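Chemist: One structure is given below, represented as structure tokens, and several questions about it will come after.
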Amino acid sequence: MKTLRWKHTIGPEMCYHMLRQTKTAQNSVELHRHDFAELFWVDDGRGDHVVNGQAFPLAMGDLVLIRPDDAHRIEVSETAPLTITNIAFPVETLRFLARRYFRNSSRWFWTPSRVPEMIHLEPQIHAEIVQLADILAGAPHQPFSIELFLMNVLHRLDALEQASLTRSTPD
């Protein structure tokens, strides 16, 4: 299994790396792990995400928070491509956010679960996150840009979770 290293794969001077790509059965994402964090979401199509030995279906609107050292790959069917947006960032950014905002958290990137957090986004939230990524794509490559993006995404995910808890609480 290939291990991707931030300083060799992306470059030590980069604060984040963003890539929108369409994967097919011929160019699926091979099994790998890395020393950086990433999040990706499905913009179109279907596939399977195999992470830490477990397979999960992927569909439009699915968002996955990959922790450093998660071993994962994406499988795409022969009949339909899968378009994803992937945003990678150094583990130092994750550590900073944990210290500053998520101390003692067991959610999002910090789940103790064997598999990382996977969230299905409703179309409106998916569109908001795509818009945030578009802003990030035009932003300076500075820590502030990726931190602002991640805080906005995590804020939306937290709001979704709170709304879900409110709806499921009996009166």
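The values are calculated or read from the model by the stated rules, or taken from the named source; none is laboratory data. Being a predicted model, the structure only gives us computed values, none of them experimental. Cβ: placed from backbone, ideal geometry, glycine included. Neighbour counts: every protein chain shown. Just so you know, the surface numbers come from the protein's heavy atoms only, side chains and all, with ligands and any DNA or RNA stripped out. Shrake-Rupley method; radii C 1.70, N 1.55, O 1.52, S 1.80 Å.
Chemist: Across the stretch 52-69, which residue is surrounded by the most Cβ atoms within 10 Å (Cβ to Cβ) among those that are modelled with pLDDT under 95 and of a type in the set (D, E, K, R)?
Modeler: R67
Chemist: Of all residues being of a type in the set (D, E) and crowded, with 17+ Cβ neighbours inside 10 Å in the stretch 116-171, which is modelled with the highest pLDDT? Just the residue, please.
Modeler: E147
Chemist: May I ask you to list the residues in the stretch 1-19 that are over 15 Å from F89 (Cα atoms) and either surrounded by 17 or more Cβ atoms within 10 Å (Cβ to Cβ) or at pLDDT 90 or above (or both)?
Modeler: Result: no residue meets the conditions.
Chemist: Continuing with the same structure: Taking the options T3, T85, name whichever one is among the β-branched types (V, I, T) and within 23 Å of L148 (Cβ to Cβ).
Modeler: T85
Chemist: Filter the stretch 99-129 for residues that are of a type in the set (A, V, I, L, M) and closer than 18 Å to E161 by Cβ and give the result.
Modeler: V115, M118, I119, L121, I125, I129
Chemist: Have a look at R114, R107, R73, R67 and point out the one that is over 24 Å from K2 (Cβ atoms) and of a type in the set (K, R).
Modeler: R107
Chemist: Hey, another quick one. Hey, could you check the stretch 77-100 for residues that are aliphatic (A, V, I, L, M) and closer than 15 Å to R20 by Cβ and say which is farthest from the chain's Cα centre (by Cα)?
Modeler: L82
Chemist: With respect to T79, determine if the residue is at pLDDT below 95, open to solvent by 20 Å² or more (accessible area, probe 1.4 Å) and closer than 20 Å to A137 by Cβ.
Modeler: Considered against the rule, which asks whether it is at pLDDT below 95, open to solvent by 20 Å² or more (accessible area, probe 1.4 Å) and closer than 20 Å to A137 by Cβ, T79 comes out as no.
Chemist: Could you give every pair whose Cβ atoms fall below 8 Å, whose first residue belongs to the stretch 125-145 and is more than 13 Å from Y16 (Cβ to Cβ), and whose second residue is of a type in the set (D, E, K, R) and modelled with pLDDT of 95 or more, counting only separations of at least 6 or pairs across chains?
Modeler: Note: pairs meeting the criteria are V130/D43.
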